[in-house]
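**Student:** Here it is: the structure, laid out below.
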Amino acid sequence: MTEPPARRLLLVHAHPDDESINNGATMAKYAAEGARVTLVTCTLGEHGEVIPPELQHLTGAELGEHRLAELTAAMRELGVEDFRLLGGKGRYEDSGMMGIADNDDPSCLWQADVDDAARALVEVVLEVRPQVLVTYDPDGGYGHPDHIQAHRIATRAAELAAEAGWRIPKIYWNRVPRTVADEAFARLQVDLPGLPFGKSATVEDVPGVVDDERITTVIDGTAHAGAKAAAMRAHVTQIEVSPGERYFALSNELAQPLFITEYYELVRGQKAAGTESDLFAGVVIEEAS
Ligand SMILES: [Zn+2]
């Protein structure tokens, strides 16, 4: 029997596509290096808007099923074998954007009891015993109810798992440094006429943008740029990637930069000296027994 990987990374996301946009290069890198990469997605994004006209008939559970297939294809591109749905398929549904009536649906993630949902995640934590957890900041990066809830569930699960015997050494939030975002949008204005998107998004549309000094960790995804773009493309209903793979658009058709370097803020655990270039930096990796 082969031994389980010594380095184990857990990512918690709200919808299929968030993982590839935020962490695609990071996931591909660690999977390629032989680390165990586990993705827990909280909902199937049943209320996402669909880009291709020929697929716009898909809604609700049917769309969720389709997005699960997209997620499966994306994980193949990233080399990630372990991806799961929080509490099992269909347990929590997409809550839709903040303020709409779907937020009140008792089956949606926004209405979920955080402790209940966290317990479903604790099972995964205790099984995988990750040294690193990646999720969103308390605002979910940009205020989407499912992203806010994913943050709360991941944070609570880390607490409960610690009580149950596995304290995750390092917890990170997804980030983009403000100067990097500003420069990328300046470049985008120049490139926009050559792109298949009508208009540009703004820095405010990018989740997790913060002042540069908050960035603790930079993952150079250059070697995995192609895998990240391919994973994003696999989310056919949600993402359109530009030729050249430097930009993408969501269903709002506003162009935004596709970041190959991915950025993080360490919020729990000991930061290694300087700017970290490895999420596992400084973690004592016990060999599998
Ligand atoms: Zn999302």
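**Student:** Go through (1) over 19 Å from Leu279 (Cβ atoms); (2) over 17 Å from the mean Cα position of the chain (by Cα); (3) not in a loop (DSSP other than H, G, I, E, B) for Phe197 and report which single condition fails.
**Tutor:** For Phe197, the failing item is (3).
**Student:** Looking at the stretch 44-58 only, could you name the residues that are out of contact with any Lys or Arg (no Cβ under 9 Å at 6 or more places or on another chain) and within 16 Å of the ligand (Cβ to nearest atom)?
**Tutor:** His47, Glu49, Val50, Ile51
**Student:** Can you tell which of Ile219, Ile285, Ile260 is modelled with pLDDT of 95 or more and farther than 20 Å from Leu192 by Cα?
**Tutor:** Just a single option satisfies the conditions, and that option is Ile219.
**Student:** Kindly establish whether Gln238 is of a type in the set (S, T, N, Q) and more than 25 Å from Gly64 (Cα to Cα).
**Tutor:** no
**Student:** In the stretch 127-140, which residues are surrounded by 17 or more Cβ atoms within 10 Å (Cβ to Cβ) and within 16 Å of the ligand (Cβ to nearest atom)?
**Tutor:** Answer for the stretch 127-140, where residues must be surrounded by 17 or more Cβ atoms within 10 Å (Cβ to Cβ) and within 16 Å of the ligand (Cβ to nearest atom): Val134, Thr135, Tyr136, Asp137, Gly140.
**Student:** Need pairs with beta-carbon distance below 7 Å; first residue on the phi > 0 side of the Ramachandran plot and within the stretch 121-147, second among the aromatic types (Phe, Trp, Tyr) and crowded, with 24+ Cβ neighbours inside 10 Å; sequence gap 6+ or separate chains.
**Tutor:** Listed by first residue and then by second, the contacts come to nothing, as the list is empty.
**Student:** So, in the stretch 28-44, of the ones that are closer than 16 Å to Ile285 by Cα and of a type in the set (A, V, I, L, M), which residue ends up surrounded by the most Cβ atoms within 10 Å (Cβ to Cβ)?
**Tutor:** Here the residue is Val37.
**Student:** Please specify each residue of the stretch 141-169 satisfying the condition of being within 16 Å of the ligand (Cβ to nearest atom) and either farther than 24 Å from Gly99 by Cβ or crowded, with 24+ Cβ neighbours inside 10 Å (or both).
**Tutor:** Going through the stretch 141-169, the residues within 16 Å of the ligand (Cβ to nearest atom) turn out to be 141-154.
Within the stretch 141-169, Gly141, Asp146, His147, Gln149, Ala150, Ile153, Ala154 qualify.
**Student:** Follow-up. Restricting to the stretch 161-194, give me the number of residues that are in a helix (DSSP H, G or I) and more than 20 Å from Ser242 (Cα to Cα).
**Tutor:** Counting residues in the stretch 161-194 that are in a helix (DSSP H, G or I) and more than 20 Å from Ser242 (Cα to Cα) gives 5.
**Student:** Restricting the first residue to the stretch 13-27 and requiring it to be assigned to a loop (DSSP other than H, G, I, E, B), which pairs with a second residue that is within 8 Å of the ligand (Cβ to nearest atom) meet a Cβ separation below 6 Å and a spacing of at least six or different chains?
**Tutor:** Listed by first residue and then by second, the contacts come to Ala14/Asp146; Ala14/His147; His15/Gly45; Pro16/Gly45.
**Student:** So Tyr172 clears everything in (1) hydroxyl-bearing (Ser, Thr, Tyr); (2) modelled with pLDDT under 95; (3) surrounded by 21 or more Cβ atoms within 10 Å (Cβ to Cβ) except one condition, right? Which one?
**Tutor:** Among (1) hydroxyl-bearing (Ser, Thr, Tyr); (2) modelled with pLDDT under 95; (3) surrounded by 21 or more Cβ atoms within 10 Å (Cβ to Cβ), Tyr172 violates only (2).
Residues are listed down the side, and each one gets a yes or a no for (1) within 16 Å of the ligand (Cβ to nearest atom); (2) aliphatic (A, V, I, L, M); (3) in contact (Cβ under 8 Å) with a residue 60 or more places away in the chain; (4) on the phi < 0 side of the Ramachandran plot:
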residue: Arg36; (1), (2), (3), (4): no, no, yes, yes
residue: Val40; (1), (2), (3), (4): yes, yes, yes, yes
residue: Gly60; (1), (2), (3), (4): no, no, no, no
residue: His66; (1), (2), (3), (4): yes, no, yes, yes
residue: Ala73; (1), (2), (3), (4): no, yes, yes, yes
residue: Gly90; (1), (2), (3), (4): no, no, no, no
residue: Met98; (1), (2), (3), (4): yes, yes, no, yes
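**Student:** Give Ala101, Ala118 a once-over and let me know the one that is more than 28 Å from Arg36 (Cβ to Cβ) and of a type in the set (A, V, I, L, M, F, W, C).
**Tutor:** Ala101
**Student:** Can you name the condition, by its number, that Phe83 falls short on among (1) farther than 18 Å from Ile21 by Cβ; (2) part of a strand (DSSP E or B)?
**Tutor:** That leaves (1) as the condition not met.
**Student:** Read through the list (1) under 30 Å from Gly64 (Cβ atoms); (2) in a loop (DSSP other than H, G, I, E, B); (3) over 17 Å from the mean Cα position of the chain (by Cα), then give the number of the only condition that Gly274 fails.
**Tutor:** The single condition Gly274 does not satisfy is (1).
The values are calculated or read from the model by the stated rules, or taken from the named source; none is laboratory data. For clarity, every value in this text was computed on a predicted model and none was experimentally measured. A quick note on method: Cβ atoms are made from the backbone with ideal geometry, for glycine too, and the neighbour counts reach across all protein chains shown.
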